[in-house]
Amino acid sequence: MIVELGHYALVMALAVALLQSVLPVIGSVRQDAGLMAMAPAAAVTSFFLVLLAFAALTASYVTSDFSVQNVWENSHSLKPMIYKISGVWGNHEGSMLLWILILVFFSALVAFFGGNLPAALKANALAVQAWITSAFLLFVLLTSNPFQRLTPAPIEGRDLNPILQDVGLAIHPPLLYLGYVGFSICFSFAVAALIDGRIDAAWARWVRPWTLAAWTALTAGIAMGSYWAYYELGWGGWWFWDPVENASFMPWLAGTALLHSALVMEKREALKIWTVLLAIITFSLSLLGTFLVRSGVLTSVHAFATDPTRGVFILGILVIFIGGAFTLFALRAQSLKHGGLFAPVSREGALVLNNLFLTTATLTVLVGTLYPLVLEALTGSKISVGPPFFNLTFGPLMVPLLLAVPFGPLLAWKRGDLLAVCQRLYAAAGISLLVALAVVYFSTGAPVMAALGIAIGAWLICGSLTDLAYRAGAGRAGLPVMWQRLKGLPRSAFGTALAHFGLGVSVIGIVAVTAFSTEQVMTLKPGEQAVSGPFALEFEGLRPNTGPNYTELQGRFAVSRDGAQFATITAAKRVYTARRMPTTEAGILTIGPSQLYVALGDETPDGTVVRIWWKPWVTFIWFGTVFMSVGGIVSLLDRRLRVGAPAASKARAATAGQAT
Amino acid sequence: MTRKQKRLAVIAGGVGVIGVAVLLVLFALQEQIVYFHSPTDIAEKQVSPGTRIRLGGLVAENSVTRGQGTEVAFAVTDTANTVNITYNGILPDLFREGQGVVVEGAFQPGNTRFVADTVLAKHDETYMPKEVADSLKEQGVWQGDGE
């Protein structure tokens, strides 16, 4: 009964979304306030309907109702409750439903917070949201219905893929989708502005918090996914330049560019056309990502439950929305008026540079990701484009960008003084050079590139601190005054500094682990020792263990440094009972910012095959992204960006723009 | 600077960066991509030793033998032809005889033995790497469920 109710709610949601797609647009053309006011009501209604459908599916997972095909395929009565719930989106149908739920959630937020938006903009933006909602609801209802019944109902389910039975699944997809789908708001506002033919700083002030929110969620989501793959796959890698990873990384890169260009538009009314284009590109890349991940057209190490036939439907959605938006852009972009002027050396100029490098980098990732598809279609040869390609193209593009980051926030709007900024960055440059020398000195035989890479990380960190120091009046005021001024700084200043600081931390982690990690594969018998980095690991042998829905062989290692044992690592080979599927559970020991990572292999006559990595500073990679996300949240809390109060902040933002 | 000059400066900068990126991409696409071959492709056209390739097919039945320590030898087949592989390391969890697999590596000079440094099997039991599925279909031995 509940299941049918959920299915029915989904159909109702489609009906409401279709109404919401058409009526508000007619209303905005006829200046009919009544029809336009229908949009927010419809948005909230379809949110509750989709929520109902999602709740119904969750309920059938919680109660292990195996008469529902989707539950039978992906659940098991013995599965722990958290995985029963997260299993709702651990499959194609459920994950698309989550996608739609988040989409209508964002529409409802616009409806709720959009009280002081221009009526036509709000109506049109919500209508565009409804177009996307309708398309994906149709997709789910026609090709991927999660409410399909099975008769007779099986007694036991087939269980969820064991690799997905992890807290990672509870957190990673919702965060990732919050990011992906959050960019739909930027897209809808861009298209609405094009329909309207009008765009101004108020538009950017509206779009920026959404971009920021989506970007924050996507940053956290990608980082979470990376750490999950790192500990779950047992391969010791944290990023594989795999198509599925690239699919989430491209919207992130474009979204980062959008975040910065919207800033220029908000403060200076410049870069209007570019910002609108970037908003369209960012969400198009999100759609492309959804298509790549869900269709499985590209071979990926992260491929779960993909279905090529259903991919065609998403491809259709992709073509219609991207093609339509770009056509509209081509027709209407000229009608958008140009905004403020600025000199090449200025805050705006720096942000343009940021956009230039980020979009070019996005393009190289796009080429690397899609090239195998294109080549196979044209010549039939099958190729794979792996990490070497991306390291060679993406890497060099990032270096100048990272070097330029500390300059940006220190430059004045309109016309900046590069020499003065250089003088302010002397200290940061000096510290970074010292760091580079220290790396060369302390690590014997460190590659020069590694020293330079870590110096770039230090440069970013020092640069972000320099920015805060000068905003507080370093060099002109005493410490107590600086402290007072620091407390009075807008939160967005801290957000910027935190995000750039985090970027530096991540860069250090990435460079360190790339240059200094060691890996060894060996066979060990109980009592034998392996040496990894400064540590010795003594293998204590294997012993069996039983979990709720799996059995495992645990291998224990006593870890010692200079002969003194201080920890043990437990790694395991698991077999999940329902699917008879083996998985590797890596044993990870965090020592300061570094990690020892142990994975077990097969049994051989010479002992157990063991793979041991020493990964110095590896956790910096994810700590950096935590700083970035926190920076995003802090910026989001800034009064100027508070979603409900764009009107009140208008005057302040204008004066602030002139003052800085 | 006039508006026109500024715009020119921006465009010149943009073209410069994109030009560099295009050069990098073209260079990398020539040097860094890895072609996928089936055992039959290898029998038909010689792949020169040392060239990195990906090789996909099924792990041949009764072909997996353990060597010294972490060394493993097995054969990859598309039923028409077979290539012998050696690999030093931990095999993926779902590596089994009769399962689809993709290995990456190169032929040793003056030797028909393929030395793999990466072995990929999938997370999902029912999943077959797309390239392997395609090449099995070409050989007419595909036993998957339709499509």
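Summary of computed values
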quantity	calculated
Subset of region A:167-192 [under 12 Å from the mean Cα position of the chain (by Cα) and open to solvent by less than 10 Å² (accessible area, probe 1.4 Å)]	A:G179, A:Y180, A:V181, A:G182, A:F183
Within region A:401-426, considering residues that are within 19 Å of A:L503 (Cα to Cα) and small (G, A, S), the one modelled with the lowest pLDDT	A:G408
Boolean, A:R561 is more than 25 Å from B:R66 (Cα to Cα), open to solvent by 50 Å² or more (accessible area, probe 1.4 Å) and within 11 Å of chain B (Cβ to nearest Cβ)	no
Condition check for A:R561: touching a residue at least 40 places away in the same chain (Cβ under 8 Å) and either of a type outside the set (G, A, S) or at positive phi (or both)	no
Qualifying residue in region A:49-60 (condition: of a type outside the set (A, V, I, L, M), touching a strand residue (DSSP E or B) at 6+ places or on another chain (Cβ under 9 Å) and either free of Cβ contacts under 8 Å to residues at least 60 places away in the same chain or open to solvent by less than 20 Å² (accessible area, probe 1.4 Å) (or both))	yes
Residues of region A:559-593 classified as touching a strand residue (DSSP E or B) at 6+ places or on another chain (Cβ under 6 Å) and within 22 Å of A:Y230 (Cα to Cα), total	19
Identity of the residue in region A:373-389, part of a helix (DSSP H, G or I) and facing another protein chain (nearest Cβ under 8 Å), that ends up most open to solvent (accessible area, probe 1.4 Å)	A:P388
Residues that are open to solvent by 10 Å² or more (accessible area, probe 1.4 Å) and either in a helix (DSSP H, G or I) or more than 30 Å from A:T518 (Cβ to Cβ) (or both), drawn from region A:233-247	A:L233, A:P243, A:V244, A:E245
Selected residue (criterion: nearest to the chain's Cα centre (by Cα)) from residues of region A:358-372 that are free of Cβ contacts under 8 Å to residues at least 40 places away in the same chain and surrounded by fewer than 22 Cβ atoms within 10 Å (Cβ to Cβ)	A:L363
Criterion violated by B:G16 - all others in (1) facing another protein chain (nearest Cβ under 10 Å); (2) open to solvent by less than 50 Å² (accessible area, probe 1.4 Å); (3) at pLDDT 85 or above; (4) touching a Ser or Thr at 6+ places or on another chain (Cβ under 7 Å) satisfied	(4)
Matching residues, region A:154-168, being touching a Leu at 6+ places or on another chain (Cβ under 8 Å) and under 30 Å from A:L259 (Cβ atoms)	none
Complete set of residues in region A:358-372 that are over 16 Å from A:A247 (Cβ atoms) and more than 8 Å from chain B (Cβ to nearest Cβ)	A:L358, A:T359
Subset tally (residues that are within 11 Å of chain B (Cβ to nearest Cβ) and open to solvent by 30 Å² or more (accessible area, probe 1.4 Å)) for region A:342-357	6
A:V110 open to solvent by less than 10 Å² (accessible area, probe 1.4 Å) and closer than 30 Å to A:I82 by Cβ	no
Among residues of region B:32-62, those that are part of a strand (DSSP E or B) and open to solvent by less than 20 Å² (accessible area, probe 1.4 Å), counted	7
Top-ranked residue in region A:597-606 [being of a type outside the set (A, V, I, L, M, F, W, C) and open to solvent by less than 10 Å² (accessible area, probe 1.4 Å); ranked as farthest from the other protein chains (Cβ to nearest Cβ)]	A:Y597
Filtered residue count, region A:391-428, keeping only those that are in contact with a His (Cβ under 9 Å, 6 or more places away or on another chain) and open to solvent by 50 Å² or more (accessible area, probe 1.4 Å)	0
Of residues in region A:311-341 being of a type in the set (F, W, Y) and open to solvent by 40 Å² or more (accessible area, probe 1.4 Å), the one nearest to B:G14 (Cα to Cα)	A:F326
Criterion (within 29 Å of the chain's Cα centre (by Cα), in a helix (DSSP H, G or I) and without any contact (Cβ under 8 Å) to a residue 60 or more places away in the chain) met by exactly one of A:L452, A:L486, A:L433	A:L452
A:R580, sole failed condition from (1) more than 14 Å from chain B (Cβ to nearest Cβ); (2) loosely packed, with under 13 Cβ neighbours inside 10 Å	(1)
Candidate set from region A:142-166 (those that are surrounded by fewer than 16 Cβ atoms within 10 Å (Cβ to Cβ) and of a type in the set (A, V, I, L, M)); member that is nearest to A:P24 (Cα to Cα)	A:L142
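Quick grid of which residues meet (1) among the aliphatic types (A, V, I, L, M); (2) in contact (Cβ under 8 Å) with a residue 40 or more places away in the chain:
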{"site": "A:A472", "(1), (2)": "yes, no"}
{"site": "A:G527", "(1), (2)": "no, no"}
{"site": "A:A530", "(1), (2)": "yes, yes"}
{"site": "A:L537", "(1), (2)": "yes, yes"}
{"site": "A:A578", "(1), (2)": "yes, yes"}
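The values are calculated or read from the model by the stated rules, or taken from the named source; none is laboratory data. It should be emphasised that the depicted structure is a prediction, and the values quoted were computed from it without experimental measurement. All Cβ positions, glycine included, derive from the backbone under ideal geometry; neighbour counts span all protein chains shown. We work out accessible area using only protein heavy atoms, side chains counted, and drop any ligands, DNA or RNA first. Shrake-Rupley method; radii C 1.70, N 1.55, O 1.52, S 1.80 Å.
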